Amino acid sequence: MSFMNKQLIKVVLGVALVFAAAMPAAAQDTKIGVVSLQAIVERAPQTKAVMDALREEFAPREREIVAKQKEIEDLQAKVQKDLAVMGETERRNAEKNLRELGRDFERLRTEFQEDSNLRQNEEIGQLQRGVLKEVQDYAQAQGYDLIVGDGVLYVSSAVNITEDVLNAVIANYQAASQ
């Protein structure tokens, strides 16, 4: 190794040591907090309001599915009861009707589930974006330099601000509701 390469390595190591020593001093003034977004979303009043609205939105379709299921069960019971006195053609027609009703029911149920999941994902995504914005607003108002979210393996109560942020989210929701 040449003399210049050795000198360059020494200079780079020296600069790295200076930065490493200076970092703890700079970090002492840094205000850090940890927030569980999942806990806030689960406990926020907005979540209950969104879920209630979704239930109300999909209630008519859910009633339709329940009615279709009852229709199938009634027809199955009737066919089962009358099977002994039915002719071959009548039995085939009844079985065909049952199959068609079953397909309609499955189609309705699948469409309902897909639409419901899609709307729920849309609403929860919007809610999460709103909560994230509230966390950012809270952090700025309280002078935090760094807020860490989900994925933290351990957090002490000294830096866990989830409850404080949740209280702010609830207060903002109540203020907006009035």
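Side notes on the structure shown:
- Scanning the range 80-89 for residues that are at pLDDT 85 or above and of a type in the set (A, V, I, L, M) returns no hits.
- Annotation note: of E163, E111, the sole residue that is within 22 Å of the chain's Cα centre (by Cα), within 30 Å of D52 (Cβ to Cβ), at pLDDT 95 or above and surrounded by 10 or more Cβ atoms within 10 Å (Cβ to Cβ) is E111.
- Near pairs, Cβ below 9 angstrom, 6+ apart or cross-chain, from the range 155-177 (over 16 Å from V34 (Cα atoms)) to any residue that is among the hydrophobic types (A, V, I, L, M, F, W, C): I170/A44; Y173/A44; Y173/A49; S177/A49
- Leading residue by the ranking (surrounded by the most Cβ atoms within 10 Å (Cβ to Cβ)) among those in the range 120-149 that are farther than 20 Å from T30 by Cα and charged (D, E, K, R): E134
- Taken over the range 141-160, the criterion of being more than 24 Å from the chain's Cα centre (by Cα) and in a loop (DSSP other than H, G, I, E, B) is satisfied by G143, Y144, D145, S156, S157, A158, V159.
The values are calculated or read from the model by the stated rules, or taken from the named source; none is laboratory data. None of the values given here were measured: they were computed from a predicted structure. FYI the Cβ positions are ideal-geometry reconstructions off the backbone, even for glycines, and counts take in every protein chain you see.
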